[in-house]
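Here the structure is laid out as structure tokens; the discussion comes afterwards.
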Amino acid sequence: MQTSMTSRPAAFTGVKPRVDGAALRPVPLPRALVPAVQSVAAGATEAAQVDGRALRRSLNQTGRYVRQPTNDPVSQQRMDEHGVGYSTNGLVAQMRTQGNVWKQGEVTVKLAKAYGYCWGVERAVRMAYEARQAHPDKKLFVTNEIIHNPEVNTRLQEMNIEIIEDSGKGKDYSRIGGGDVVIFPAFGATVQELTDFKSRGVQMVDTTCPWVAKVWNSVDTHTRKQYTSIIHGKYSHEETIATASFASNYVIVKDLKEAQYLCDYILHGGNREEFLAKFAKAVSKGFDPDAMLDRVGLANQTTMLKGETEQIGKMLEATMMQKYGPAELNKHFMLMDTICDATQERQDALYEMVEDPEVDFMIVVGGFNSSNTSHLQEIAEHKGLPSFWVDSSARIDVESNTVLHKLAHGELRETKGWLTPGKAVTIGITSGASTPDRAVEEVMHKVFKIYDPAFGGIAPKDCGRVQTPGEEH
Ligand code: SF4
């Protein structure tokens, strides 16, 4: 019964976000237009002048900075109505009470042991709803999608919370001024954005997940101790952009291949120009691979494959050990545990599910721009199990029995006749960490409808609320 309920809170045991405290050194910034993705490197130059921890502490002292939910019941009720929280009475809630299995006619559905909304994402959505409730007459903005889920972002827009999109040249914040409310999403905001909004006199609601803040703390430590941060992540992902902005010197590696190249360079040297071309968008400005790779620390985008991050850590450790010897290792390599347990649990649950001989195929539900969801799809594909990744039930057409789904490497594919009514089937289902339960329920509703056109829905049954840990966990 409690499988998923316990797996979610357990992810946060022991996490103590450290986001408080002191003064800020001024950073020169463009006021209206904050450069976006392409300028990770440029951002890092400015970051080199700032003490990230001090910046975050100084935000607290403005009196205009909120970084924890208030657990307002009215906002919670609205989330329930909108279906953007945990399910309390639908199919997913009912599956939780019966071992994550459901039988509907000839269809058996197995829900992964860990799936869907992680604590950090639910918390971020809740804080956005609470901000709307607390400031009914003010203009509200989010500096990016609050999470990578289309339904949730649409709901926020319907509540007049404006999402600032990247125009390709950067984000235009010129319309935001004193008195407005600015929400920072779950994957955080850059040093430049935090500094800018601090100076503008806006009310700030920081929903950054404490796990992400934990990564920033490790990057702060690298910077303070003059280590170069090796960030396992995607250089264009918002979380990695934010993390890199807290680093002084950094290289972003996206996979084992790039990590191996980096390790070879550290050990044997190489072609400097080739290195800089290869990591053109993934290094801090002015990065010198011949001078800045003698002391390195590992950090990660929290949604990367856990096993891969661990392997990169081992590769770097072995490289530094080989180059400097075991006695000197600690002077040249720093590793702090910043892997998000929620991501890890969802991946582990899927590794288990794809080994289940009863599962005929998988459905993975989650935003198409969601990194952690893409990794779930990748696990199923790697196993050779048919897997259909959809971001919402809108991708499924009941009448024609067709699904428009995405493959892990990005291709969108339309599959007609993807279900076979009249033949018993066992479907494994999971969802990404930014996917509300209702999205899964709506997908399953359409699946059941294809198998049985007379299917009229699952009767609601109150199953209680998922318990999430307090802020001290
Ligand atoms: S996946 Fe992990 S780091 Fe990201 S928001 Fe969820 S709990 Fe936080």
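The values are calculated or read from the model by the stated rules, or taken from the named source; none is laboratory data. Everything numeric here is computed off the predicted structure, so don't read it as measured data. Cβ: placed from backbone, ideal geometry, glycine included. Neighbour counts: every protein chain shown.
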Open item on the list: For the structure I just gave you, tell me whether Asp356 is closer than 27 Å to Glu381 by Cβ and either out of contact with any Leu (no Cβ under 9 Å at 6 or more places or on another chain) or modelled with pLDDT under 95 (or both).
Closed with: yes
Open item on the list: Show me the helices (runs of 4 or more DSSP H) found entirely inside the range 286-363 where at least 3 residues are surrounded by 15 or more Cβ atoms within 10 Å (Cβ to Cβ).
Closed with: 306-324, 341-353
TODO: Report whether or not Val251 is in contact with a Leu (Cβ under 8 Å, 6 or more places away or on another chain), free of Cβ contacts under 8 Å to residues at least 60 places away in the same chain and either buried (at least 20 other Cβ atoms within 10 Å of the Cβ) or small (Gly, Ala, Ser) (or both).
DONE: yes
Open item on the list: Looking only at the range 364-404, how many residues end up being out of contact with any strand residue (DSSP E or B) (no Cβ under 7 Å at 6 or more places or on another chain) and in a helix (DSSP H, G or I)?
Closed with: 10
Task: Only one of Leu350, Leu316 that is within 15 Å of the ligand (Cβ to nearest atom) and modelled with pLDDT of 95 or more - done: Leu350
Task: Within the range 353-378, tally of residues that are aliphatic (A, V, I, L, M) and more than 16 Å from the ligand (Cβ to nearest atom) - done: 5
- [ ] Being surrounded by fewer than 24 Cβ atoms within 10 Å (Cβ to Cβ) and not charged (D, E, K, R) is the filter; apply it to the range 179-191 and report the residue that is farthest from the ligand (Cβ to nearest atom).
- [x] Gly179
Open item on the list: Tell me the residue from Val92, Val74, Val125 that is touching a helix residue (DSSP H, G or I) at 6+ places or on another chain (Cβ under 7 Å), surrounded by fewer than 18 Cβ atoms within 10 Å (Cβ to Cβ) and among the aliphatic types (A, V, I, L, M), please.
Closed with: Val74
TODO: Please state which one of Glu145, Glu162 is within 13 Å of the ligand (Cβ to nearest atom) and assigned by TED's automatic domain parsing to the domain that holds Glu193.
DONE: Glu145
Open item on the list: Condition check: surrounded by fewer than 17 Cβ atoms within 10 Å (Cβ to Cβ) and not in a loop (DSSP other than H, G, I, E, B). Does Leu267 satisfy that?
Closed with: yes
Open item on the list: Quick check on the range 241-256. Is at least one of its residues assigned to a helix (DSSP H, G or I) and farther than 28 Å from Gln68 by Cα?
Closed with: yes
Open item on the list: Being within 16 Å of Ala131 (Cβ to Cβ) and either in contact with a Leu (Cβ under 7 Å, 6 or more places away or on another chain) or acidic (Asp, Glu) (or both) is the filter here; which residues of the range 176-220 pass it?
Closed with: Asp180, Val181, Ile183, Met204, Asp206
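Yes or no, residue by residue, for (1) of a type outside the set (D, E, K, R); (2) in contact with a Cys (Cβ under 7 Å, 6 or more places away or on another chain); (3) within 16 Å of the ligand (Cβ to nearest atom):
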position: Trp211; (1), (2), (3): yes, yes, yes
position: Asn217; (1), (2), (3): yes, no, yes
position: Lys225; (1), (2), (3): no, no, no
position: Gly233; (1), (2), (3): yes, no, yes
position: Glu238; (1), (2), (3): no, no, yes
position: Ala242; (1), (2), (3): yes, no, yes
position: Asp255; (1), (2), (3): no, no, no
position: Ala277; (1), (2), (3): yes, no, no
position: Pro289; (1), (2), (3): yes, no, no
Open item on the list: One residue is enough: does the range 198-206 have a residue meeting the conditions within 16 Å of the ligand (Cβ to nearest atom) and either closer than 24 Å to Asn144 by Cβ or free of Cβ contacts under 8 Å to residues at least 60 places away in the same chain (or both)?
Closed with: yes
Open item on the list: Taking the conditions exactly as written (farther than 17 Å from Leu59 by Cβ and either surrounded by 23 or more Cβ atoms within 10 Å (Cβ to Cβ) or aliphatic (A, V, I, L, M) (or both)), does Val212 satisfy them or not?
Closed with: no
Task: The lone exception for Leu59 - which of (1) in a loop (DSSP other than H, G, I, E, B); (2) touching a Leu at 6+ places or on another chain (Cβ under 8 Å); (3) at pLDDT 80 or above it fails - done: (1)
Open item on the list: If Ser174 satisfies all but one of (1) of a type in the set (Ser, Thr, Tyr); (2) within 16 Å of the ligand (Cβ to nearest atom); (3) over 20 Å from Pro69 (Cα atoms), what's the number of the condition it fails?
Closed with: (2)
Task: Hits in the range 425-448 - residues which are in a helix (DSSP H, G or I) and of a type in the set (Gly, Ala, Ser) - done: Ala439
Open item on the list: So for the range 316-328 (the condition being closer than 21 Å to Glu258 by Cα, under 26 Å from the mean Cα position of the chain (by Cα) and in the same structural domain as Val219 (by TED's automatic domain parsing)), does at least one residue qualify?
Closed with: yes
Open item on the list: When you check Gln133 against the structure, is it more than 16 Å from the ligand (Cβ to nearest atom) and assigned by TED's automatic domain parsing to the domain that holds Glu352, yes or no?
Closed with: no
